[in-house]
Each structure stands twice: as structure tokens, then as C-alpha cells.
Amino acid sequence: MNVPYRQIRAAYTEEAVTVYQAYDPAIAGRAVAAQRFVPPFKRERMTWIKPSFHWMMYRSGWAAKPGQTRVLAVEVTRDGFEWALARSCPSHPGTGDDHASWAARLRDSPVRIQWDPERDTHLNPLPYRSIQIGLSREAVDRYVDQWIVSITDITDTLGAVRAGASAPPAERPYPLPPALAAVVGAA
């Protein structure tokens, strides 16, 4: 299978995209109960959403790292997801980017984009990238107040996926409009 170097792969429907986040039990439990993020979640901090299940497992150590022991599958509207992508800036300048222009864009953007190596079930890096989306300021408010469709704690299912007894979520290429693909640097 020939996978583009930078491609958003996600579980999605016509209305929503699933992204993942890992938190401590106090934040996760309250978010699941309220079906939105409430205190002790802090809107003032950047929050990173990840459409890749395996990258989330890598980042959280299969929910074993301190402060990341509960993994949430958060369904967000596709409109919200694409709003974030359209207003994003790479976390680091690209080759040939004018540093001053990039720095101004970074300062003004409420969304950061990072492309990190995708992971397999054993958390080994793959030869293509997975997107991480950092939300701050207005983007966090929109995420919490408008975009969330549902929040599900999937922590209890991770052991079965890791052992191969259950399949991970089915992810497929996300159909980015060409203008959005250019903004995020996708192939």
C-alpha cells in the first residue's frame, strides 16, 4: 500500500470526525459525564487533538503515562474540524519559508499543525506522517462549545486492541478540499 507522506487518516462519517485525547481521570470523567470539556479542563491551555488512534496510543503509552491514563474518542463536527485546519499554522517553518512571515502567521493563528511519524500497533514509526492539531484561544472555545458531538472513554478497550483481540478504529484518508490540503501541507 502506497500511503502519501502527509495525509490525514481518520474515522469519520458525513457529519463528524473522531479525534483522540488523553487526560487524567478528573478531566476525562467530567468530560464524559458532561459530554463537553468542563473544569478542571483549562481553556487557556493549548489542547492537542489527534485523528490517528495509533499516534494517540504512542503519545499516551497505551494510557500508561502520568496524566494520560484515560483516552477519549471525541467526535467533532466536520465543519469545526475543517474550520481549525483552515486557520492553522505549522508549528515549525517549512523549508524555504520566510521566517518573519511564518512567525507572524504563527502568532495570529489559533491552531497549530504538526506532522509526526505515524505508528503501528506496536508503536513503531511508519514511513509516513500523522497530523496533530493544537487548538488555542478561539479554537478551544469553538471546540468545547460548538464542535463536540460526543465524548467516549475508550480506555477499557485499549488492552484488547493492543493484544490483537479487537481491531483498532477503521481510519481512512480524509477527503480534504485542495485549498485545505495546501494550508496544512498534506499530499
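Numbers below:
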| read-out | value |
| --- | --- |
| Mean separation of Cα contacts under 8 Å, 6 or more apart, over the residue count of the chain: relative contact order % | 34 percent |
| Arg172-Ala64 FRET efficiency (beta carbon distance; Förster radius 22 Å; 0.05 resolution) | 0.20 |
| Gained length - His92 relative to Gln114, 0.36 nm times residue gap less alpha-carbon distance | 7.1 nm |
| Among Tyr174, Tyr23, Tyr12: highest mean-square fluctuation, GNM of the chain, C-alpha pairs under 10 Å | Tyr174 |
| Estimated FRET transfer efficiency (Asn2, Arg105; beta-carbon r; R0 41 Å; 0.05) | 0.85 |
| Given the chain, longest segment not containing exposed loop trypsin sites (Lys or Arg not before Pro) (DSSP; at most 12 other Cβ within 10 Å) | 46-187 |
| Magnitude of the charge dipole, segment 45-148, Cβ model with Lys/Arg +1 and Asp/Glu -1, debye to 20 | 320 debye |
| Mean ellipticity per residue at 222 nm, deg cm²/dmol - from DSSP H runs of n ≥ 4 across the chain, formula -39500 (n - 2.57) | -8000 deg cm²/dmol |
| For segment 14-30 versus segment 43-63, the gap between their alpha-carbon centres in whole angstrom | 9 Å |
| Local electrostatic count, Ala11, Cβ distance below 14 Å [Lys/Arg +1, Asp/Glu -1] | 0 |
| Magnitude of the charge dipole, the chain, Cβ model with Lys/Arg +1 and Asp/Glu -1, debye to 20 | 380 debye |
| Accessible area (Å², per residue) of the chain, counting only protein heavy atoms and a probe of 1.4 Å | 50 Å² |
| Whole-number D in µm² s⁻¹ for segment 91-177, Kirkwood Cα-pair radius fed into Stokes-Einstein, 20 °C, 1.002 mPa s | 131 µm²/s |
| Total charge dipole magnitude, segment 3-66, about the Cα centre, Cβ charges on Lys, Arg, Asp, Glu only, Debye to nearest 20 | 240 debye |
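The values are calculated or read from the model by the stated rules, or taken from the named source; none is laboratory data. Values in this document were obtained by computation on a predicted structure and should not be read as measured data. FYI the Cβ positions are ideal-geometry reconstructions off the backbone, even for glycines, and counts take in every protein chain you see. Quick note on the areas: whole protein, heavy atoms, side chains included, nothing else; ligands and nucleic acids left out. Shrake-Rupley method; radii C 1.70, N 1.55, O 1.52, S 1.80 Å.
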